[in-house]
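The values are calculated or read from the model by the stated rules, or taken from the named source; none is laboratory data. On a predicted model such as this, the values are computed, not experimentally measured, just so you know. All Cβ positions, even for glycine, are placed from backbone atoms using ideal geometry, and neighbour counts span all protein chains on display. To get the accessible areas, we keep the full protein, side chains included, count just its heavy atoms, and leave off ligands, DNA and RNA. Shrake-Rupley method; radii C 1.70, N 1.55, O 1.52, S 1.80 Å.
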Amino acid sequence: MEICPISAADHAAFIAFLDAGMRPSGARTRASEDFPVAMGPRNLAGQFALKDATGFVAGLAALVRPCLSSAGEVLVAGIGSVVTRPDRRGQGLSSQLQRAVLERLAERGAALAVLWTDRPEIYAGRGFGPAGWEYHLDLGGLRVAESWPADADVVALGGGDAERLAGLYAQHPLRTLRQPEDHASLYGMPGTRAVGLERGGRLVAYACCGKGEDFPDYVAEWGGAPEPALALLAHVARCGLAGRALVPAGREDLLELATARGAGFAAVPSGLWAVLRPDLLAQLAGPVPADHEREPGAWLGRLAADGTPHPGCLQVSIWGLDSV
(Lines give C-alpha, C1' and ligand atoms only; values in the text may rest on other atoms or scores of the structure.)
Protein backbone atom coordinates (compact mmCIF):
# COMPACT_ATOMS: atom_id res chain seq x y z
CA MET A 1 0.00 0.00 0.00
CA GLU A 2 1.49 3.34 -1.07
CA ILE A 3 0.97 6.89 0.08
CA CYS A 4 -1.80 8.64 -1.81
CA PRO A 5 -1.08 12.36 -2.26
CA ILE A 6 -4.18 14.47 -1.72
CA SER A 7 -5.38 16.35 -4.79
CA ALA A 8 -7.82 19.23 -4.90
CA ALA A 9 -10.48 16.80 -6.12
CA ASP A 10 -9.83 14.45 -3.16
CA HIS A 11 -9.59 17.16 -0.52
CA ALA A 12 -13.20 17.34 0.64
CA ALA A 13 -13.48 13.55 1.02
CA PHE A 14 -10.13 13.35 2.80
CA ILE A 15 -11.07 16.08 5.29
CA ALA A 16 -14.41 14.37 5.94
CA PHE A 17 -12.45 11.18 6.71
CA LEU A 18 -10.22 13.03 9.20
CA ASP A 19 -13.16 14.86 10.76
CA ALA A 20 -15.04 11.61 11.32
CA GLY A 21 -12.04 10.04 13.04
CA MET A 22 -11.14 13.02 15.22
CA ARG A 23 -14.44 14.57 16.29
CA PRO A 24 -17.38 12.54 17.57
CA SER A 25 -20.91 13.68 16.86
CA GLY A 26 -21.93 16.42 19.24
CA ALA A 27 -18.55 18.18 19.31
CA ARG A 28 -18.75 21.97 19.18
CA THR A 29 -16.38 22.18 16.24
CA ARG A 30 -14.98 19.97 13.52
CA ALA A 31 -11.30 19.08 13.41
CA SER A 32 -10.97 20.96 10.13
CA GLU A 33 -12.20 24.10 11.91
CA ASP A 34 -9.73 23.62 14.78
CA PHE A 35 -6.79 23.11 12.40
CA PRO A 36 -7.74 25.35 9.48
CA VAL A 37 -4.22 25.84 8.10
CA ALA A 38 -2.93 22.26 8.34
CA MET A 39 -6.18 20.78 7.01
CA GLY A 40 -7.04 23.59 4.63
CA PRO A 41 -6.96 23.46 0.82
CA ARG A 42 -3.77 25.56 0.66
CA ASN A 43 -1.87 22.78 2.45
CA LEU A 44 -2.42 19.92 -0.01
CA ALA A 45 1.35 19.31 -0.04
CA GLY A 46 1.15 18.52 3.68
CA GLN A 47 -1.79 16.08 3.56
CA PHE A 48 -1.14 12.36 3.14
CA ALA A 49 -3.21 9.17 3.13
CA LEU A 50 -3.13 5.44 2.64
CA LYS A 51 -5.94 4.22 0.43
CA ASP A 52 -7.21 0.84 -0.78
CA ALA A 53 -10.12 -0.23 -2.97
CA THR A 54 -12.57 0.67 -0.18
CA GLY A 55 -11.29 4.22 0.28
CA PHE A 56 -9.07 5.99 2.80
CA VAL A 57 -7.72 3.76 5.57
CA ALA A 58 -5.24 6.14 7.26
CA GLY A 59 -4.36 9.80 7.00
CA LEU A 60 -2.50 12.67 8.59
CA ALA A 61 -1.71 16.33 8.05
CA ALA A 62 1.69 17.98 8.39
CA LEU A 63 2.18 21.73 8.52
CA VAL A 64 5.72 22.74 7.52
CA ARG A 65 6.78 26.25 8.43
CA PRO A 66 10.06 28.05 9.14
CA CYS A 67 10.42 28.93 12.79
CA LEU A 68 12.50 31.68 14.31
CA SER A 69 14.72 29.91 16.83
CA SER A 70 17.41 31.24 19.16
CA ALA A 71 19.96 30.47 16.41
CA GLY A 72 18.04 31.61 13.34
CA GLU A 73 15.40 30.11 11.06
CA VAL A 74 14.78 26.36 11.14
CA LEU A 75 12.19 24.43 9.13
CA VAL A 76 9.82 22.47 11.40
CA ALA A 77 7.04 20.02 10.51
CA GLY A 78 4.06 19.92 12.85
CA ILE A 79 2.43 16.47 12.64
CA GLY A 80 -1.23 16.01 13.52
CA SER A 81 -4.70 14.84 12.53
CA VAL A 82 -3.51 11.22 12.55
CA VAL A 83 -6.48 8.94 11.81
CA THR A 84 -6.87 5.23 11.06
CA ARG A 85 -10.23 3.83 9.96
CA PRO A 86 -11.72 1.79 12.83
CA ASP A 87 -11.81 -1.51 10.94
CA ARG A 88 -8.09 -1.19 10.07
CA ARG A 89 -6.72 -0.23 13.45
CA GLY A 90 -4.01 -2.34 15.04
CA GLN A 91 -2.36 -3.10 11.69
CA GLY A 92 0.44 -0.53 11.94
CA LEU A 93 -0.96 1.66 9.15
CA SER A 94 -0.57 5.02 10.88
CA SER A 95 2.98 4.08 11.88
CA GLN A 96 3.77 3.11 8.28
CA LEU A 97 2.29 6.33 6.98
CA GLN A 98 4.06 8.51 9.52
CA ARG A 99 7.48 6.99 8.85
CA ALA A 100 7.09 7.52 5.11
CA VAL A 101 5.86 11.09 5.58
CA LEU A 102 8.77 11.97 7.86
CA GLU A 103 11.21 10.69 5.24
CA ARG A 104 9.57 12.92 2.62
CA LEU A 105 9.62 15.94 4.92
CA ALA A 106 13.29 15.40 5.69
CA GLU A 107 13.98 15.36 1.95
CA ARG A 108 12.20 18.73 1.71
CA GLY A 109 14.56 20.19 4.31
CA ALA A 110 12.52 19.91 7.52
CA ALA A 111 15.08 19.57 10.32
CA LEU A 112 12.60 18.81 13.13
CA ALA A 113 9.13 17.35 13.54
CA VAL A 114 6.84 17.93 16.50
CA LEU A 115 3.51 16.54 17.66
CA TRP A 116 1.29 16.63 20.71
CA THR A 117 -0.42 13.56 22.16
CA ASP A 118 -1.77 12.14 25.41
CA ARG A 119 -0.13 8.80 24.57
CA PRO A 120 3.60 9.50 24.09
CA GLU A 121 4.46 5.79 24.37
CA ILE A 122 2.96 5.20 20.93
CA TYR A 123 5.43 7.59 19.29
CA ALA A 124 8.54 6.77 21.31
CA GLY A 125 9.44 3.98 18.87
CA ARG A 126 9.15 6.39 15.95
CA GLY A 127 11.95 8.66 17.17
CA PHE A 128 9.77 11.15 19.08
CA GLY A 129 10.60 12.21 22.61
CA PRO A 130 9.81 15.12 24.97
CA ALA A 131 12.09 18.12 24.57
CA GLY A 132 12.12 21.86 25.07
CA TRP A 133 9.66 23.50 27.43
CA GLU A 134 6.78 25.89 27.74
CA TYR A 135 4.98 27.23 30.79
CA HIS A 136 1.40 26.70 31.90
CA LEU A 137 0.45 29.79 33.87
CA ASP A 138 -2.33 29.53 36.49
CA LEU A 139 -4.21 32.82 36.39
CA GLY A 140 -6.31 32.16 39.50
CA GLY A 141 -4.01 33.86 42.01
CA LEU A 142 -3.19 36.94 39.94
CA ARG A 143 -3.29 40.20 41.89
CA VAL A 144 -3.82 42.69 39.09
CA ALA A 145 -6.35 45.45 39.52
CA GLU A 146 -8.69 46.07 36.61
CA SER A 147 -8.03 49.77 36.26
CA TRP A 148 -7.62 50.63 32.60
CA PRO A 149 -6.38 54.06 31.56
CA ALA A 150 -9.18 56.35 30.45
CA ASP A 151 -8.36 55.77 26.80
CA ALA A 152 -8.22 51.93 27.07
CA ASP A 153 -10.99 49.43 26.28
CA VAL A 154 -11.40 45.67 26.07
CA VAL A 155 -12.76 44.71 22.64
CA ALA A 156 -13.82 41.53 20.88
CA LEU A 157 -11.54 40.43 18.03
CA GLY A 158 -11.74 37.99 15.11
CA GLY A 159 -10.40 37.12 11.69
CA GLY A 160 -11.00 40.65 10.46
CA ASP A 161 -8.41 41.87 12.96
CA ALA A 162 -5.74 39.47 11.68
CA GLU A 163 -3.29 42.16 10.60
CA ARG A 164 -3.36 43.88 13.99
CA LEU A 165 -3.02 40.59 15.86
CA ALA A 166 -0.19 39.50 13.59
CA GLY A 167 1.73 42.65 14.46
CA LEU A 168 1.72 41.76 18.17
CA TYR A 169 2.40 38.09 17.48
CA ALA A 170 5.55 39.11 15.59
CA GLN A 171 6.98 40.57 18.81
CA HIS A 172 7.51 37.08 20.28
CA PRO A 173 11.23 36.30 19.90
CA LEU A 174 10.63 32.57 19.27
CA ARG A 175 7.73 31.87 16.92
CA THR A 176 6.43 30.19 13.81
CA LEU A 177 6.91 32.39 10.76
CA ARG A 178 3.39 32.22 9.43
CA GLN A 179 2.34 32.82 5.88
CA PRO A 180 0.14 35.91 5.43
CA GLU A 181 -2.97 33.79 4.82
CA ASP A 182 -2.44 31.81 8.03
CA HIS A 183 -3.37 34.65 10.37
CA ALA A 184 -6.93 35.21 9.17
CA SER A 185 -7.64 31.46 9.26
CA LEU A 186 -6.26 31.04 12.78
CA TYR A 187 -7.83 34.12 14.33
CA GLY A 188 -11.23 33.36 12.82
CA MET A 189 -11.56 29.81 14.20
CA PRO A 190 -15.00 28.84 15.57
CA GLY A 191 -14.87 28.01 19.26
CA THR A 192 -12.03 30.44 19.94
CA ARG A 193 -12.87 33.73 21.62
CA ALA A 194 -10.32 36.50 21.08
CA VAL A 195 -10.28 39.71 23.08
CA GLY A 196 -7.94 42.67 22.92
CA LEU A 197 -6.90 45.71 24.89
CA GLU A 198 -7.02 48.88 22.85
CA ARG A 199 -5.47 52.12 24.00
CA GLY A 200 -6.02 55.28 22.06
CA GLY A 201 -7.37 53.17 19.20
CA ARG A 202 -4.19 51.04 19.07
CA LEU A 203 -4.17 47.34 19.95
CA VAL A 204 -1.64 46.81 22.76
CA ALA A 205 -2.48 43.24 23.86
CA TYR A 206 -4.63 40.29 22.82
CA ALA A 207 -5.67 36.90 24.20
CA CYS A 208 -7.18 33.97 22.30
CA CYS A 209 -9.23 31.81 24.66
CA GLY A 210 -9.46 28.16 23.65
CA LYS A 211 -8.62 26.59 20.30
CA GLY A 212 -11.86 25.03 19.14
CA GLU A 213 -12.19 21.75 21.05
CA ASP A 214 -8.53 21.94 22.10
CA PHE A 215 -7.14 23.73 25.18
CA PRO A 216 -10.41 24.31 27.03
CA ASP A 217 -9.99 26.86 29.84
CA TYR A 218 -6.68 28.03 28.34
CA VAL A 219 -5.50 31.20 26.70
CA ALA A 220 -3.92 29.36 23.79
CA GLU A 221 -2.19 32.45 22.41
CA TRP A 222 -1.58 36.01 23.54
CA GLY A 223 0.55 38.97 22.58
CA GLY A 224 1.75 42.32 23.82
CA ALA A 225 4.21 43.78 26.29
CA PRO A 226 4.16 42.20 29.77
CA GLU A 227 2.12 44.85 31.63
CA PRO A 228 -0.84 45.20 29.23
CA ALA A 229 -0.80 41.49 28.35
CA LEU A 230 -0.93 40.47 32.01
CA ALA A 231 -3.72 42.97 32.71
CA LEU A 232 -5.73 41.44 29.87
CA LEU A 233 -5.04 37.88 31.10
CA ALA A 234 -6.29 38.87 34.54
CA HIS A 235 -9.45 40.28 32.94
CA VAL A 236 -9.95 37.02 31.00
CA ALA A 237 -9.70 35.04 34.24
CA ARG A 238 -12.13 37.30 36.11
CA CYS A 239 -14.66 36.96 33.29
CA GLY A 240 -14.41 33.16 33.32
CA LEU A 241 -13.09 32.94 29.76
CA ALA A 242 -9.98 30.97 30.77
CA GLY A 243 -8.15 30.04 33.96
CA ARG A 244 -4.73 29.27 32.48
CA ALA A 245 -2.44 30.59 29.79
CA LEU A 246 0.28 29.04 27.67
CA VAL A 247 3.56 30.95 27.86
CA PRO A 248 6.26 30.01 25.35
CA ALA A 249 9.96 29.86 26.02
CA GLY A 250 11.35 33.29 25.27
CA ARG A 251 8.57 35.13 27.13
CA GLU A 252 9.91 34.71 30.63
CA ASP A 253 9.38 38.47 31.01
CA LEU A 254 5.63 37.92 31.35
CA LEU A 255 6.15 34.81 33.47
CA GLU A 256 8.31 36.69 35.97
CA LEU A 257 5.81 39.54 36.22
CA ALA A 258 2.90 37.12 36.65
CA THR A 259 4.57 35.11 39.41
CA ALA A 260 5.55 38.31 41.21
CA ARG A 261 1.84 39.12 41.28
CA GLY A 262 0.58 35.82 42.64
CA ALA A 263 0.25 33.49 39.66
CA GLY A 264 1.56 29.93 39.78
CA PHE A 265 3.05 28.00 36.88
CA ALA A 266 4.38 24.64 35.76
CA ALA A 267 7.04 23.98 33.12
CA VAL A 268 6.20 21.14 30.73
CA PRO A 269 7.86 19.78 27.55
CA SER A 270 6.90 21.85 24.53
CA GLY A 271 5.90 18.71 22.64
CA LEU A 272 7.18 15.40 21.36
CA TRP A 273 10.00 16.08 18.93
CA ALA A 274 11.92 14.05 16.36
CA VAL A 275 15.21 15.04 14.74
CA LEU A 276 14.89 14.59 10.97
CA ARG A 277 18.04 16.37 9.72
CA PRO A 278 20.82 16.61 12.34
CA ASP A 279 23.12 17.91 9.60
CA LEU A 280 20.95 21.00 9.16
CA LEU A 281 20.73 21.57 12.90
CA ALA A 282 24.51 21.33 13.17
CA GLN A 283 24.89 24.01 10.49
CA LEU A 284 22.57 26.23 12.51
CA ALA A 285 23.59 25.63 16.12
CA GLY A 286 26.81 23.61 16.07
CA PRO A 287 27.17 19.83 16.42
CA VAL A 288 26.26 17.64 19.37
CA PRO A 289 28.03 14.33 20.12
CA ALA A 290 27.42 11.92 17.25
CA ASP A 291 25.80 9.33 19.49
CA HIS A 292 23.19 11.93 20.57
CA GLU A 293 22.43 13.61 17.25
CA ARG A 294 19.01 11.92 16.98
CA GLU A 295 18.00 12.83 20.54
CA PRO A 296 15.65 15.87 20.51
CA GLY A 297 16.68 16.90 24.02
CA ALA A 298 20.33 17.17 23.00
CA TRP A 299 19.37 19.96 20.60
CA LEU A 300 16.33 21.58 22.24
CA GLY A 301 17.11 21.00 25.90
CA ARG A 302 14.94 19.19 28.42
CA LEU A 303 13.32 19.52 31.81
CA ALA A 304 14.93 17.93 34.85
CA ALA A 305 12.82 15.81 37.21
CA ASP A 306 12.15 18.89 39.36
CA GLY A 307 10.93 20.88 36.34
CA THR A 308 14.08 22.97 35.93
CA PRO A 309 14.87 23.73 32.26
CA HIS A 310 18.25 22.55 30.97
CA PRO A 311 18.99 24.35 27.68
CA GLY A 312 20.27 22.63 24.56
CA CYS A 313 21.93 24.17 21.51
CA LEU A 314 18.85 26.10 20.42
CA GLN A 315 15.35 27.02 21.50
CA VAL A 316 12.33 26.57 19.25
CA SER A 317 8.78 27.44 20.26
CA ILE A 318 5.68 26.22 18.44
CA TRP A 319 2.69 27.04 20.59
CA GLY A 320 -0.84 28.32 20.68
CA LEU A 321 -2.89 28.46 17.51
CA ASP A 322 -0.08 26.94 15.43
CA SER A 323 -0.35 23.52 17.12
CA VAL A 324 -1.69 20.77 14.85
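Condition check ((1) assigned to a helix (DSSP H, G or I); (2) free of Cβ contacts under 8 Å to residues at least 40 places away in the same chain) across all residues:
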{"position": "Leu50", "(1), (2)": "no, no"}
{"position": "Ala62", "(1), (2)": "no, no"}
{"position": "Val82", "(1), (2)": "no, yes"}
{"position": "Gly90", "(1), (2)": "no, yes"}
{"position": "Leu102", "(1), (2)": "yes, no"}
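Residue-by-condition table, conditions (1) of a type in the set (Lys, Arg); (2) open to solvent by less than 10 Å² (accessible area, probe 1.4 Å); (3) free of Cβ contacts under 8 Å to residues at least 40 places away in the same chain:
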residue: Ser185; (1), (2), (3): no, no, no
residue: Leu203; (1), (2), (3): no, no, no
residue: Cys208; (1), (2), (3): no, yes, no
residue: Gly212; (1), (2), (3): no, yes, no
residue: Asp217; (1), (2), (3): no, no, yes
residue: Pro226; (1), (2), (3): no, no, yes
residue: Glu256; (1), (2), (3): no, no, yes
Item to complete: For residues that are polar (S, T, N, Q) and farther than 25 Å from Leu281 by Cα, scanning just segment 48-89, find the one that is surrounded by the fewest Cβ atoms within 10 Å (Cβ to Cβ).
Response: Thr54
Practice prompt. Search segment 238-249 for residues that are closer than 12 Å to Ala266 by Cα and outside any loop (DSSP other than H, G, I, E, B) and pair each with any residue that is open to solvent by less than 10 Å² (accessible area, probe 1.4 Å) and among the acidic types (Asp, Glu) when their beta-carbon atoms are under 8 Å apart and the residues are at least 6 apart or on different chains.
Written response: Leu246/Glu221
Worksheet, complete the sentence: Per the filter on segment 258-278, residues assigned to a helix (DSSP H, G or I) and surrounded by fewer than 15 Cβ atoms within 10 Å (Cβ to Cβ) are Ala260
Practice prompt. Could you identify the single residue in Ala194, Ala124 that is of a type in the set (A, V, I, L, M, F, W, C) and in contact with a helix residue (DSSP H, G or I) (Cβ under 8 Å, 6 or more places away or on another chain)?
Written response: Ala194
Discussion item. Restricting to segment 22-47, count the residues that are assigned to a helix (DSSP H, G or I) and either of a type in the set (Phe, Trp, Tyr) or surrounded by fewer than 19 Cβ atoms within 10 Å (Cβ to Cβ) (or both).
Written reply: 4
Worksheet item: Applying the selection to segment 136-169, what residues are out of contact with any strand residue (DSSP E or B) (no Cβ under 7 Å at 6 or more places or on another chain) and open to solvent by 50 Å² or more (accessible area, probe 1.4 Å)?
Response: Gly140, Arg143, Ala145, Glu146, Ser147, Trp148, Ala150, Gly160, Glu163
Worksheet item: Scanning segment 274-324 for residues that are among the hydroxyl-bearing types (Ser, Thr, Tyr) and under 20 Å from the mean Cα position of the chain (by Cα), which turns out modelled with the highest pLDDT?
Response: Ser317
